[in-house]
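The block underneath contains the structure these notes are about, expressed in structure tokens.
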Amino acid sequence: MGGGAAGERRTLNADVIVAGGGPAGWSAARACARRGLAVTLVDPHPDRTWRQTYGSWGDEVPVTGPDALDPSVVAASAPVWAIARRTHRLTGSYAVLDTPALQAALRHDAVAVVAGRVVGVEGGRERAAVLDDGRRVPGGLVLDATGATQALSRSRRRVGRAAEQTAVGVVVPSAVARRVTGGRLTFMDWRPSHGRAGWPTFLYAIPLGGDDWLLEETSLARRPGLPLRELTERLRHRLVAHGLRPGEIPLDDRSRVEHVRFPVDTPAHRSPTGVVPLGAAVPLVHPATGYSVTRSLATATRLADALATRPDHGDVLDAAGRAVGGRAASAVHVMRRRGLDVLLRMPSAEVPEFFERFFSVPPEAQRAYLGAHDDVRGSMRAMLSVFVHLSPRLRRHLIAGSLLGAGGDRIDQNGY
């Protein structure tokens, strides 16, 4: 496997070209290769090590089925807790993935790998991906897995600034984390123990396997994203407030620190004929959680089945588009994006109260909103259930935010 001469020769009869070598790209490449399709994956740095931490609801990790992952890719699994005004035990378990194990599991020896950056696609019967150095990679269907950059979209213009999720995390021993969380896997802790004014943030605390835990100060969504330096200080102050000494908070050790920044409202752009977007390029990343990895795994299975069973090119394009983002998934995403817009317009002081109400709704409504990517009725019921549980004041904010629509900027006092 690699970008050498043998890999280049194998691209001549590619059925599928995958642009991008992240989880979405490799999930699709692996699933297609498993069904006997000739696959070429193109990435600027195909051997780079993934360093992000990925989490998911436990029942969404595919440990059965045609593209099952070995259970060893789950580094840790535990019950889930959330804290707003009160402490809530959420239904189900939360899975933290072992990133190196996930990356190794998604590799497939039958996939030809080319080091390069795809910048365009040539159409016609002799379709090819065009690289930034002028090389052409011939093949059939092109999958755009280049993330939020949407490298193969026809237009990358957007109006206004992106809403981003940003976070700063630090890896600490379990004994240190236990003094902060009581040993509980904490999905959200909205208590303002960091003592900083401005836009609210929460603590996300998860076991990484072995003796390590990740404690992460997170801004769920903000336009523009809350600066990482502010999150660093909030995390430091929060952990000190929980009794940790400065020497127990290795925020100056780059090997123990994780920085997160990604858009949660990337606009959809038109892709050239013969190009199907994947993952964050669709874009269908969950705007309330940022989750996309297990969705990419499920999408890869549907996509590979569609490509393997439809030899006619036109039918393949149509089937591939439905597999990646059909009408139901798009409708659910529109509803969630509207919810994001409301959250962005909500007064800062009201955000923790909103989540207190959210975590008080029936468990099936919580999961329908946080998961269930193509369940239109379930998502509608979940949003209605949340609305019913809101206080009159929060209902007024929700209605006002919905009427104002998308695209507004919000900067809090002190710039935060």
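The values are calculated or read from the model by the stated rules, or taken from the named source; none is laboratory data. Computed from a prediction, not measured in an experiment: that's the story for all the values here. When we count neighbours, we look across all protein chains shown, and the Cβ atoms used for this are built from the backbone with ideal geometry, even at glycine. Heavy atoms of the whole protein, side chains included, go into the accessibility calculation; ligands, DNA and RNA do not. Shrake-Rupley method; radii C 1.70, N 1.55, O 1.52, S 1.80 Å.
For this structure, a couple of remarks:
- Residue ID - most open to solvent (accessible area, probe 1.4 Å), chosen from residues in segment 117-140 that are at negative phi and either touching a Cys at 6+ places or on another chain (Cβ under 9 Å) or in a loop (DSSP other than H, G, I, E, B) (or both): Arg125
- Segment 221-248: number of residues that are open to solvent by 10 Å² or more (accessible area, probe 1.4 Å) and of a type in the set (A, V, I, L, M, F, W, C): 3
- Residue list for segment 320-342, filter: of a type outside the set (D, E, K, R), open to solvent by less than 20 Å² (accessible area, probe 1.4 Å) and modelled with pLDDT of 75 or more: Ala320, Ala323, Val324, Leu340, Val342
- Segment 249-263 - residue that is at pLDDT below 95 and touching a Ser or Thr at 6+ places or on another chain (Cβ under 9 Å) and, of those, surrounded by the most Cβ atoms within 10 Å (Cβ to Cβ): Val260
- Among the candidates Ala101, Ala177, Ala162, Ala95, the residue that is in contact (Cβ under 8 Å) with a residue 12 or more places away in the chain, open to solvent by 20 Å² or more (accessible area, probe 1.4 Å), under 29 Å from Arg234 (Cβ atoms) and of a type in the set (A, V, I, L, M) is uniquely Ala162.
- Conditions (1) open to solvent by 20 Å² or more (accessible area, probe 1.4 Å); (2) at pLDDT 90 or above; number of the one not met by Val111: (1)
- Yes/no for Ser271 being over 16 Å from the mean Cα position of the chain (by Cα), modelled with pLDDT under 85, buried (at least 19 other Cβ atoms within 10 Å of the Cβ) and of a type in the set (Ser, Thr, Tyr): yes
- Residue in segment 157-168 that is modelled with pLDDT of 95 or more, assigned to a strand (DSSP E or B) and either farther than 26 Å from Asp341 by Cα or of a type in the set (Asp, Glu) (or both) present: no
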